[in-house]
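Reading through the structure tokens given below for one structure.
Readers should treat all values here as calculations from the given coordinates under stated rules, not as data from a laboratory. Fair warning: this is a prediction, and the values are worked out from it, not measured in the lab. Positions of Cβ are generated from backbone atoms using ideal geometry, with glycine treated the same way; all protein chains shown enter the neighbour counts.
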Amino acid sequence: MQVENAPTPHGPADYGLALQYLTFSLGDEVFAMDIRCVREIIQHGNMTIVPLMPAFVRGVINLRGSVVPVIDLQSRFGRPRAQVGKKTCIIIFDATVEDEKLELGLLVDAVSEVIDIAQAHIEPAPQFGTTIRRDFIHGMGKVGGDFIVILAPERALDINEMAALAEQA
């Protein structure tokens, strides 16, 4: 499934602008990430295990000739490793390391849909009571009567932090 990029926001003063977010589930929780950094969504398939990696690195996949590391988002959040099911997929997204783009895969339980959330409907991350690190959260999107955790991939999937954890493993 190829995902089209959303328009770029015009600036912080444009609170009426709705940005597009890809929603996905981890267990019973729904998360979202800005669609502009998502390249595509693929089915879970063959993965090569890489020895001596932290538990959140499930392995690597061959994506059209490129080696793409796959991060188990459940495990990255300090939870037990994700169980692969019928709807398990990998979200391929662009991470940035020192101004260089790098493809990463995120193992998630299921991808739901692309939704619009207006800037005015995004609240800051709560001070306490979250199931993941606060710095991993960009904000809380109000959708209907529910809140959806909007990830900050530049923090939750910080390549330098994950590399440091890999060296410790």
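Data for the structure
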quantity	calculated
Rounded if a/c under 1.5, otherwise prolate or oblate - the stretch 52-118, Cα gyration tensor axes	rounded
Built amide H within the under 5 Å cut-off of Ala82, gap 5+	Gln74, Ser75
Anisotropy class of the stretch 39-87 from Cα gyration tensor, a/c 1.5 cut	oblate
Integer Hz, Karplus 6.51/-1.76/1.60 couplings in order for the stretch 25-30, x for Gly and Pro	10, 10, x, 8, 9, 10
Ranking of Arg76, Arg64 by count of other Cβ atoms within 10 Å, fewest first	Arg64, Arg76
Vicinal HN-Hα couplings computed from phi for the stretch 49-66 (Karplus, 6.51 cos²θ - 1.76 cosθ + 1.60; Hz; Gly/Pro x)	6, 10, x, 6, 9, x, 4, 6, 8, 6, x, 10, 10, 9, 10, 6, x, 9
Net lengthening on full extension, Val84/Ile115 (0.36 nm per residue, minus Cα-Cα)	8.7 nm
All lysines inside 27 Å of Lys142 as judged from Cα atoms, apart from same-chain residues fewer than 8 positions distant	Lys87
Residue-averaged 222 nm ellipticity for the chain, from DSSP H runs of 4+ at -39500 (n - 2.57), nearest 500	-2500 deg cm²/dmol
Nearest 10 degrees, 0 to 90: helix 159-168 Cα axis against the chain principal axis	40 degrees
